[in-house]
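Peer 1: Pasting in a structure now, in structure tokens, and then I'll have a few things to ask.
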Ligand SMILES: NC(=O)c1ccc[n+]([C@@H]2O[C@H](COP(=O)([O-])OP(=O)(O)OC[C@H]3O[C@@H](n4cnc5c(N)ncnc54)[C@H](OP(=O)(O)O)[C@@H]3O)[C@@H](O)[C@H]2O)c1
């Protein structure tokens with residue numbers, strides 16, 4: 001099973017605010033995220049899951065939480081108490097690609113298991129009081145940039161680069 005992390009990053013790898021908000025609106029990235037996750041099994045942290053209430057549609061989220069009493073919004077949504085337990089659950093259901101959708105804690109905990117990173121790099125510098133970050137994956141030396149797609153500025157949204165990184169052989 002492939003494990004793919006998908007995220008949108010502003011400058012300094014900022015992905016959101018500690019209060020639980022993404023401080024930008026980027027329609028092309030939203031469309032990309034919808035398309036790339038359609039029909040898939042997703043791994044999401046409990047905080048991000050609660051922010052995304054009502055959004056999941058045909059996707060199957062596994063909610064990562066240490067609270068075994070946590071009840072998801074829909075009976076089709078699953079919970080797991082650790083990343084390895086989530087991977088086992090997905091494999092047991094015949095999933096061929098698990099898409100990790102954040103937030104920061106979940107990206108960090110999943111990175112050692114990841115095969116591929118699909119990152120929207122927004123040309124945006126933000127002043128955020130309590131930023132949360134995507135992990136510093138590049139400094140590990142484990143990743144190779146496989147492809148880049150350039151998105152020009154459009155309708156008030158910043159230009160961006162869609163990068164796919166793949167794990168190098170070890
Ligand atoms: N830009 C992007 O692409 C993007 C994508 C997603 C989210 N975000 C942003 O990220 C921020 C949220 O990130 P966050 O780090 O605060 O929260 P999060 O990762 O969404 O959720 C954190 C919660 O997940 C559970 N969890 C995390 N790691 C775990 C582990 N290893 N094992 C078991 N459970 C685990 C815990 O739940 P319990 O407390 O229930 O135990 C923890 O409190 C928001 O600002 C959101 O908007 C940005």
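Peer 1: Working only within the stretch 68-96, note down all residues that are farther than 14 Å from residue 43 by Cβ and touching a residue at least 12 places away in the same chain (Cβ under 8 Å).
Peer 2: The answer is 68, 70, 73, 74, 76, 96.
Peer 1: Answer yes or no: is there a residue in the stretch 21-42 that is crowded, with 21+ Cβ neighbours inside 10 Å and within 8 Å of the ligand (Cβ to nearest atom).
Peer 2: no
Peer 1: Here is a further query. Which numbered condition in (1) within 12 Å of the ligand (Cβ to nearest atom); (2) within 28 Å of residue 156 (Cα to Cα); (3) crowded, with 18+ Cβ neighbours inside 10 Å; (4) over 13 Å from the mean Cα position of the chain (by Cα) is the only one that residue 51 fails?
Peer 2: Residue 51 satisfies every listed condition except (3).
Peer 1: Sticking with this one: Somewhere in the stretch 97-114, is a residue within 24 Å of residue 63 (Cβ to Cβ) and out of contact with any strand residue (DSSP E or B) (no Cβ under 8 Å at 6 or more places or on another chain)?
Peer 2: Yes; the residues of the stretch 97-114 include at least one that is within 24 Å of residue 63 (Cβ to Cβ) and out of contact with any strand residue (DSSP E or B) (no Cβ under 8 Å at 6 or more places or on another chain).
Peer 1: Go through the stretch 56-69 and give me each residue that's more than 17 Å from residue 98 (Cβ to Cβ) and within 6 Å of the ligand (Cβ to nearest atom).
Peer 2: 66, 67
Peer 1: Which of the strands (runs of 3 or more DSSP E) found entirely inside the stretch 76-151 contain at least 3 residues meeting this: modelled with pLDDT under 95, more than 11 Å from the ligand (Cβ to nearest atom) and over 14 Å from the mean Cα position of the chain (by Cα)?
Peer 2: Those strands (runs of 3 or more DSSP E) do not exist here; none qualify.
Peer 1: If we scan the stretch 149-170, do we find a residue that is in contact (Cβ under 8 Å) with a residue 60 or more places away in the chain, surrounded by fewer than 16 Cβ atoms within 10 Å (Cβ to Cβ) and closer than 20 Å to residue 83 by Cα?
Peer 2: Taking every residue of the stretch 149-170 in turn, none turns out to be in contact (Cβ under 8 Å) with a residue 60 or more places away in the chain, surrounded by fewer than 16 Cβ atoms within 10 Å (Cβ to Cβ) and closer than 20 Å to residue 83 by Cα.
Peer 1: Would you please list the contacts, defined by Cβ atoms under 6 Å and residues six or more apart or on different chains, that run from a residue in the stretch 51-64 that is over 12 Å from residue 38 (Cβ atoms) to a residue that is assigned to a loop (DSSP other than H, G, I, E, B) and within 11 Å of the ligand (Cβ to nearest atom)?
Peer 2: 51/20
Peer 1: I need a count of the residues in the stretch 39-73 that are farther than 16 Å from residue 89 by Cβ and part of a helix (DSSP H, G or I).
Peer 2: Residues flagged as farther than 16 Å from residue 89 by Cβ and part of a helix (DSSP H, G or I) within the stretch 39-73 amount to 4.
Peer 1: For the stretch 19-38, how many residues are within 18 Å of residue 124 (Cα to Cα) and assigned to a loop (DSSP other than H, G, I, E, B)?
Peer 2: Selection size over the stretch 19-38: 5.
Peer 1: Would you confirm whether any residue within the stretch 90-105 is surrounded by fewer than 21 Cβ atoms within 10 Å (Cβ to Cβ) and closer than 16 Å to residue 162 by Cα?
Peer 2: Within the stretch 90-105 (the criterion being surrounded by fewer than 21 Cβ atoms within 10 Å (Cβ to Cβ) and closer than 16 Å to residue 162 by Cα), the answer is no, since none of the residues qualifies.
The values are calculated or read from the model by the stated rules, or taken from the named source; none is laboratory data. Source: prediction; values computed, not measured. So basically every Cβ, Gly included, is an ideal-geometry build from the backbone, and we count neighbours across all protein chains shown.
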